[in-house]
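Read the structure below first, then the notes.
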Amino acid sequence: MSPFEASVDSKPLNLGGVRQQTVLATLLLEANQVVSLDRLVRAIYEEAPPPTARAQIQISISALRRLFGNHGIDDVIRTHSQGYMVRASGESLDSLRFRLLVGEARKLRDAGQKEEAAATYRQALGLWRGAALGGMVSEVIRSGASRLTEQRITSTEECLQLELALGRHSALVGDLIGLIDEFPLRERLRGQLMLALYRSGRQTEALQVYRDTRKWMLKELGVEPDPRLRRLEHSILITDPRLDLKGRRGTAAPGAHTAAALGMPEMLPADIADFTGRGELVASIRERLLFSSQEQPPLAVPIVSIVGKPGVGKTAMAVHVAHGVAANFPDGQLFADLHGEARTMVGSAQILERFLRALGVTGTAIPDSVEERAEMYRALLAKRRMLIVLDNVADESMIRPLLPGKPTSAVIITSRRHIGSLAGAVRVDVTTFPPELSAELLGRITGAERVASEPEATEALADLCGHLPLALRIAGARLAARPHWEVTELVERLEDETRRLDELKYADVSVRATLSLLYDSVSEGARRLLRRLAVLEEGPFSVWAGMALLGLPETAVRELINELSDAQLLDTDGTVIGRDRQYRLLSLIRVFARERLAAEETAEEREAALFRVLGCHLPAARAGVMS
């Protein structure tokens, strides 16, 4: 990857002018996914498209199809009702091959095959030949290129960590110096260089790296280096033997460079600077967690389960609370994102390995089985006061091995589903914001004066975001990045429902992507019901509407409704209980459901579902006329 180019049988293709290149690059950044015509227009013309923009896109697509067809490659670009899609595989597209190789490297690493993992990482990184999509100026393309660059540097850091553990420190010094020059803000690279120099017998140079880093950060950023980097400097100063491989320089012992080697583990992500509202919930969580810091802790481990729909701010609350109580857990904090609803779900064995390393256990001492790792983990926590935050949990089986055995430690869990089988766990439900908090959050992100000057537009913006904190943050970030925009401008863009989810994306954060993960996690029957609910008028609906939409009996539809409710894709409306209770879709979930309906079902299927619903309404309407 790097400069944008295409080739057939090693012969480069002439991709045409900037417009055609931008269209193809945009499609390839979202390979195997439909890219809307509006997004392609924005990629080329940004905020000022001409009246002929859509026609120009179609001309570019036709030219690209001819280009590939002339070289015997047909059906690369497909037309869909919502836009266009490029079909590609890891054999034909470098970015896909890179991700596949990195995924394979991580599996090898987690399985303990570190030599093979390092070689696979190097194979993936060898696909890079410079800056991604260099020379392309489109804002959409630059955003995609930034995502690719982040994947590259993260994978590079993981590869270097493995190679340090394999005792290759001397050979890595030159690479690390070059990478720091390219990515000066990556403090992990600086720590890896310090460790590589120290293990190579160059203690003075390792300390100089820290002094240069601190001087540069204070001058350019006005902040001190990360505490872990400061602890590493201290460990190098005192020649802490835990920094050496197997206690001796020059020998190989994976896992020596861990947080525990630098002091107590502090794995929490950064706190949210503009955390808004939720005061009562935060106070109740703190009260529950701080039981564990008393002289006589409770008999059971304090567990708080934060539950809510996607984008409602569960992780932000967990991290915010964790930072607030961290001082009461003097032995450190552990954090893991389990990716519970994603295809990249992380297993207990992998998390236990990370936690054990953070607690000072080297690679050779970590047991192979989950049970033995869990036993060692509980033994290490038995006499410590630690806070454990487990984010994005899907079910109890994922976290049971990660729970402490003694109540001196406490646990925060975030999940989209209620985990009811954890004894003693306190459930905290996080909901969407009320209007006043939505406005406050937008004000904190974009500036209070800006929001106050357009109160009606701000209220409309919050409504269009469904008062969902994730959507509000994205909207606020877009406004903050464009100080010349009025709030009304963004409102007008969001009012077009067909573009709303396209607009609610900033950098690598997207409402659509968040909802897609959850949508993919439920059964096909539940997905079909969610899609077809979009044909109903906005407002509450009953089970009979689902029966009509699917043509299924009541019992089967209730099971699907329960599945959607458990997944936080459906809300119960009002306080009615029993068979007559009603349900409602959050506005943004309804928009997402309409997108999926258009993409996954034919017009005939949609019409048939609607006619079945109308057919159920007709007898009731006739009865009303007769009376």
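Kindly indicate which of G447, G476 is within 20 Å of T432 (Cβ to Cβ) and more than 18 Å from the chain's Cα centre (by Cα).
Selected residue: G476, the only one of G447, G476 that is within 20 Å of T432 (Cβ to Cβ) and more than 18 Å from the chain's Cα centre (by Cα).
Which ones in the stretch 506-546 are more than 22 Å from R416 (Cβ to Cβ) and free of Cβ contacts under 8 Å to residues at least 12 places away in the same chain?
E537
Considering each of S138, S170, S200 in turn, give the residue that is polar (S, T, N, Q) and either touching a Gly at 6+ places or on another chain (Cβ under 6 Å) or closer than 21 Å to L28 by Cα (or both).
Of the residues listed, the single one that is polar (S, T, N, Q) and either touching a Gly at 6+ places or on another chain (Cβ under 6 Å) or closer than 21 Å to L28 by Cα (or both) is S138.
Return the only residue of L133, L96, L108, L101 being farther than 28 Å from V209 by Cβ, touching a residue at least 12 places away in the same chain (Cβ under 8 Å) and outside any helix (DSSP H, G or I).
None of the others qualify; the one that does is L133.
Taking L390, is it of a type outside the set (S, T, Y), surrounded by 22 or more Cβ atoms within 10 Å (Cβ to Cβ) and either on the phi > 0 side of the Ramachandran plot or in contact (Cβ under 8 Å) with a residue 12 or more places away in the chain (or both)?
Spelling it out, L390 is indeed of a type outside the set (S, T, Y), surrounded by 22 or more Cβ atoms within 10 Å (Cβ to Cβ) and either on the phi > 0 side of the Ramachandran plot or in contact (Cβ under 8 Å) with a residue 12 or more places away in the chain (or both).
Quick one: in the stretch 529-541, which of the residues that are among the charged types (D, E, K, R) and assigned to a loop (DSSP other than H, G, I, E, B) is least open to solvent (accessible area, probe 1.4 Å)?
E538
Among the residues of the stretch 542-562, which ones are buried (at least 19 other Cβ atoms within 10 Å of the Cβ) and under 32 Å from the mean Cα position of the chain (by Cα)?
G546, V557, L560, I561
Name the residues in the stretch 280-320 that are surrounded by fewer than 23 Cβ atoms within 10 Å (Cβ to Cβ) and modelled with pLDDT under 85, would you?
Of everything in the stretch 280-320, those that are surrounded by fewer than 23 Cβ atoms within 10 Å (Cβ to Cβ) and modelled with pLDDT under 85 turn out to be L290, F291, S293, Q294, E295, Q296, P297, P298, L299, A300.
Of the numbered conditions (1) closer than 20 Å to G308 by Cα; (2) at pLDDT 90 or above; (3) open to solvent by 60 Å² or more (accessible area, probe 1.4 Å), A526 fails exactly one; give the number of that condition.
Tallying (1) closer than 20 Å to G308 by Cα; (2) at pLDDT 90 or above; (3) open to solvent by 60 Å² or more (accessible area, probe 1.4 Å), A526 fails exactly one: (3).
Yes/no per residue for (1) open to solvent by 40 Å² or more (accessible area, probe 1.4 Å); (2) assigned to a helix (DSSP H, G or I):
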{"residue": "R417", "(1), (2)": "yes, no"}
{"residue": "S438", "(1), (2)": "no, yes"}
{"residue": "R444", "(1), (2)": "yes, yes"}
{"residue": "A452", "(1), (2)": "yes, yes"}
{"residue": "E459", "(1), (2)": "yes, yes"}
{"residue": "A462", "(1), (2)": "no, yes"}
{"residue": "L470", "(1), (2)": "no, yes"}
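List every residue pair whose Cβ atoms sit under 6 Å apart, with the two residues 6 or more apart in sequence or on different chains, where the first one lies in the stretch 172-197 and is modelled with pLDDT of 90 or more and the second, anywhere, is open to solvent by 30 Å² or more (accessible area, probe 1.4 Å) and assigned to a helix (DSSP H, G or I).
Listed by first residue and then by second, the contacts come to L197/E205.
So, S36, is that one at pLDDT 85 or above and of a type outside the set (V, I, T) or not?
Yes; evaluated as a whole, the condition is true for this residue.
Filter the stretch 503-517 down to the residues that are buried (at least 20 other Cβ atoms within 10 Å of the Cβ) and either outside any loop (DSSP other than H, G, I, E, B) or touching a Gly at 6+ places or on another chain (Cβ under 8 Å) (or both) and list them by number.
E503, V511, T514, L515 - these are the residues of the stretch 503-517 that are buried (at least 20 other Cβ atoms within 10 Å of the Cβ) and either outside any loop (DSSP other than H, G, I, E, B) or touching a Gly at 6+ places or on another chain (Cβ under 8 Å) (or both).
The values are calculated or read from the model by the stated rules, or taken from the named source; none is laboratory data. Keep in mind the model is a prediction, meaning the values are calculated, not measured. No Cβ is skipped: glycine too gets one built from the backbone with ideal geometry, and neighbour counts run over all protein chains shown. All accessible areas refer to the heavy atoms of the entire protein, side chains included, with ligands and DNA or RNA removed. Shrake-Rupley method; radii C 1.70, N 1.55, O 1.52, S 1.80 Å.
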